[in-house]
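To keep things clear, I will list the structure first and then write my remarks on it.
The values are calculated or read from the model by the stated rules, or taken from the named source; none is laboratory data. On a predicted model such as this, the values are computed, not experimentally measured, just so you know. Glycine also receives a Cβ, built like all others from the backbone with ideal geometry; neighbour counts cover every protein chain displayed. The accessibility values were calculated without ligands, DNA or RNA, using every heavy atom of the protein model including side chains. Shrake-Rupley method; radii C 1.70, N 1.55, O 1.52, S 1.80 Å.
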Amino acid sequence: STSNRRATDHQREIGVDAGMIRQVLAISLKELNILWHDREALALLFVMPVFFILLMSLALEGVFETGTRARPLEIMVVNEDRGDEAQTTINTLDKVEGIVMVHTLAGKPLTRERAKEQIARGAFGLALLFQEEFSNHIKAGHTGAGEGKAGIALIVDPTLNVHLLSSLKGTIQGILERQALVERLPGLIVKRANADGKDNPLETTMAMDTMQSRIKDVVSHLRSEILDQPAVAFSIITLREGTSVKRPTATEQNVPGYTIFGVFFIVLTLSSSFIQEKNDGTFQRILTAPLSKSALLMGKLLPYYLVNLIQIALMFAVGVFIFDLYLGSIPALLLVSLAVAAAANGLGLLVAAIGKTEAQVNSLAVLLAIILSALGGMMVPVFVMPDFM
């Protein structure tokens, strides 16, 4: 009897498990059927990440690939020195992977003024300027840095990536140090040998340890003259304010950007409200009331509009009081804020009119909020994006 009871209990457990499996399958099929009938919402679930991947990949292409073989950095060359050492440096840089040296424009050699004009127009990001007497100072030594001093300079756009500029400057300095080493080493050895010869006329009978001591002495002087200081004066010349757009700080980029991102998420709340009222039948009853469509829309939108304005005020207050954000023109900021809130509410109305179900409205609202904010420069600053974007 005990074995029979165990067998019965086991059969009941199998029956419960089978029943639960049938229930799970039935519910799953029902949900799949709902998803399948709302094909627009289902498609948006796949379209949104695809669009986002394409958008962000295109926007960040320049950040990750600039300075590589596939996307070389173009550098204008202005040679005011015309000496052998300047030309040697240019020839060496021509062989560096990820760099393209632009020597002429329209068949004419570049000048300092023309290079600055090209950078101000945004055609190029920087120019390498070989100043007068550059070659002589590579051979003999350098003067103090500065735009008017003999040496080399980079004329740069203020918006140029700082890390890219630092890497380029390091590459150029390494080439200059190597050239200075090759040029000055023979003369330095002769100079030290002559100085030692006066103190010790028995040059031919010099002991090995004395030779090693003199080599160390030459190396020490070589280090002090070349390796412990720049081989030649190297300066950075930034275009004056007004000739090029200034790059915003992290706060100036993020506070307005994420504020607009938050403002446009009202699209989801507003459009969902319309769909909910339609499903409940409330919206149909409101339409039968003795009021105009303008009054209806204004009454519906005014709360969301006020919420948007409070969002903007709060976000900018955080920027001002925590990050010391400079606001600029307050009247202009107010006008832009009113317009942005109106645009967000208008987009919410558009989504509510297009969407037929709550799933469609939710997916479309999120898609528009994320894709349009990314296109507008919230996630990736506009100056980082390729020109066509």
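Suppose every K and R has +1 on its Cβ and every D and E has -1 on its Cβ; what is the size of the dipole of region 236-345 about the Cα centre, in Debye to the nearest 20?
With only Lys, Arg, Asp and Glu charged at Cβ, the dipole is about 240 debye.
With a 1.4 Å probe and every protein chain left in place, work out the accessible area per residue of region 314-389 in Å², rounded to a whole number.
Details: 4060 Å² over 76 residues.
Here the residues of region 314-389 average 53 Å² of exposed surface.
For region 250-300, what is the Kirkwood hydrodynamic radius in Å, using each pair of distinct C-alpha atoms?
Hydrodynamic radius (Kirkwood, Cα pairs) of region 250-300 is 13.2 Å.
Where in region 278-356 are there chymotrypsin sites (Phe, Trp or Tyr not before Pro) that are in a DSSP coil and have at most 13 other Cβ atoms within 10 angstrom of their Cβ?
Answer by residue number: Y326.
Restricting attention to region 81-126, which GluC sites (Glu not before Pro) occupy a DSSP loop and are surrounded by at most 14 other Cβ atoms within 10 Å?
Answer by residue number: E97.
What per residue convex hull volume, in Å³, do the alpha-carbon atoms of region 281-389 yield?
Numbers: hull volume 17.3 nm³, N = 109.
So the per-residue hull volume is 158 Å³.
Are any of the pairs K108/K169; K300/K356; K108/K139; K95/K116 more than 21 Å apart by Cα-Cα distance, and if so, which?
Correct reply: K108/K169; K108/K139; K95/K116.
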